[in-house]
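Asker: The structure that follows is given in the form of structure tokens.
The numbers here are math on the coordinates, done by the rules we state, and not lab data. Quick caveat: nothing in here was measured; it's all calculated off a predicted structure. Virtual Cβ from ideal backbone geometry, glycine too; neighbours counted across all protein chains shown.
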Amino acid sequence: MSEARQALRNRLRTLATDPSSAPMLMGVLNITPDSFSDAGQWYDRHRAIEHGLAMAEQGAELIDVGGESTRPGADPVPLAEELDRVLPVIEALASRGIWVSIDTLKPEVMRQAVAAGAVMLNDVTAFADPQSLDVAATSGCAVCAMHMQGEPRTMQRAPHYADVVGEVRGYLAARAAALVQAGVPVDAIMLDPGFGFGKTLAHNLALLRGLPALRELGHVVLAGLSRKSMLGRLTGRHVTERLPASLAAALMALDGGARVLRVHDVPAHVDALAIWRAVRHDIYQDMKP
Ligand code: HH2
């Protein structure tokens with residue numbers, strides 16, 4: 001296993017076992033023309049690389065590179081196109097020692113991303129494709145399995161649950177078991193309730209409240225709340241004006257036991273984390289301005 005993959009695995013173990021250790025920020029890097037929050041902003045490869053470097057410099061320990069939008073109603077992207085978007089960016093960032101996660105549901109994209117230096121696989125279908133399970137098991141990468149009801153094109157039409165927290169927890173437990181069965185080490189597996197993926201506002205709020213129940217599964221919990229439409233629904237704010245709401249939600253996720261936050265605005269979340277850790281764990285630096 002590469003040194004970087006081993007280092008990330010060690011970091012995950014610390015996150016899982018020491019609640020006072022610094023939470024981890026994952027910076028979002030969408031190389032897409034149609035993502036919900038930053039459509040087209042980083043579509044140019046050189047700008048994408050610069051933005052990835054900047055987020056790492058600002059305090060993101062992981063950069064989550066995606067070449068296919070999963071926003072509600074998004075159209076699938078052909079394999080060749082997705083590879084062309086993500087591979088040069090992964091190579092550029094990984095060659096500078098930055099931890100890169102690949103956000104994809106295609107096993108072939110995972111495979112080639114790993115060859116290009118990715119150290120983590122982030123799959124919104126929770127490795128539903130057996131070939132993806134195979135890549136997860138053989139690559140030595142950390143993995144994130146996310147819950148989604150339905151599929152991106154239709155998931156927001158009529159989400160339905162009898163007990164959203166119980167069902168998401170049961171699903172994630174089953175996917176973690178499938179990953180372990182395939183050969184992925186337990187401590188390489190992160191779980192994510194998938195805010196906004198086949199969920200109403202009430203479902204999303206119940207899941208945010210219910211994070212401790214997911215944490216009980218024993219895996220590192222990752223939360224992606226940044227700029228999501230649930231925050232727009234609660235504040236009436238456009239996607240470009242959701243930073244304050246994102247920070248509030250991020251802090252509540254940390255209180256619920258989330259240990260990794262997937263965010264667009266890294267510097268603001270670094271500050272929020274500093275306050276959270278100082279108050280909750282009495283760990284801080286006195287940085288008088
Ligand atoms: N959310 C998005 C994409 N990938 N992965 C995980 N693990 N958790 C999430 O909550 C999550 C995710 C959607 O956000 P974004 O990447 O900003 O938009 P888009 O899918 O439109 O590219």
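Asker: Run the numbers on the chain and let me know its relative contact order in percent, using alpha-carbon pairs under 8 Å that are six or more apart.
Answerer: 18
Asker: Take each uninterrupted DSSP H stretch in the chain, measure its Cα extent along the helix axis, and return the ones at 24 Å or beyond whose mean Kyte-Doolittle hydropathy is at least -1.0.
Answerer: Once both thresholds are applied, what remains is 164-182.
Asker: Any idea what the dipole of the chain comes to, in debye rounded to 20, about its Cα centre with Lys/Arg Cβ at +1 and Asp/Glu Cβ at -1?
Answerer: Value, rounded to 20: 620 debye.
Asker: Projected onto the charge dipole of the range 65-143 (+1 at Lys/Arg Cβ, -1 at Asp/Glu Cβ, origin at the Cα centre), which of 89, 72, 131 gives the Cα projection farthest towards the positive end?
Answerer: Farthest along the dipole direction, towards plus: 89.
Asker: Over the Cα atoms of the range 4-92, what radius of gyration and what Dmax do you get, in Å?
Answerer: 14.8, 43
Asker: One quarter of the convex hull surface, Cα atoms only: what value does that give for the range 38-144 in nm²?
Answerer: 6.5
Asker: Determine which aspartates and glutamates satisfy two conditions relative to residue 228: a Cα distance under 14 Å, and not lying fewer than 8 residues away in the same chain.
Answerer: The qualifying aspartates and glutamates are 38, 241, 265.
Asker: To continue, here is another question. At q = 0.24, 0.28 Å⁻¹, work out log10 I(q)/I(0) for the range 245-289 with the Debye formula, treating every Cα as an identical point scatterer and leaving solvent out; two decimals please.
Answerer: -0.89, -1.12
Asker: How big is D for the chain, in µm² s⁻¹ as a whole number, if Stokes-Einstein is applied with the Kirkwood radius of its Cα pairs at 4 °C and 1.567 mPa s?
Answerer: For the chosen part, D equals 69 µm²/s.
Asker: Assigning unit charges at the beta carbon (Lys, Arg +1; Asp, Glu -1) and nothing else, what dipole magnitude in debye, to the nearest 20, does the range 19-100 show about its Cα centre?
Answerer: For the range 19-100, the charge dipole is close to 180 debye.
Asker: So, one more: Please report Rg (one decimal) and Dmax (integer) in Å for the Cα set of the range 187-248.
Answerer: My reading of the Cα-based Rg and Dmax gives 12.5, 39 Å.
Asker: Could you tell me, in Å, what Rg and Dmax come out for the Cα atoms of the range 62-219?
Answerer: Rg then Dmax for the range 62-219, in Å: 15.5, 47.
Asker: Where does the Debye-calculated log10 I(q)/I(0) of the range 48-96 sit at q = 0.19, 0.30, 0.32, 0.33 Å⁻¹, using only Cα point scatterers of equal weight, no solvent?
Answerer: -0.68, -1.10, -1.17, -1.21
Asker: Which residue, chosen from 274, 35, 15, occupies the Cα position most advanced towards the positive end of the dipole of the chain, where the dipole is computed from +1 (Lys, Arg) and -1 (Asp, Glu) charges on Cβ about the Cα centre?
Answerer: In the chain, that residue is 274.
Asker: Considering the convex hull of the alpha carbon atoms of the range 165-217, report its projected area averaged over all viewing directions, in nm², one decimal.
Answerer: If I average the Cα hull's projected area over directions, I get 3.6 nm².
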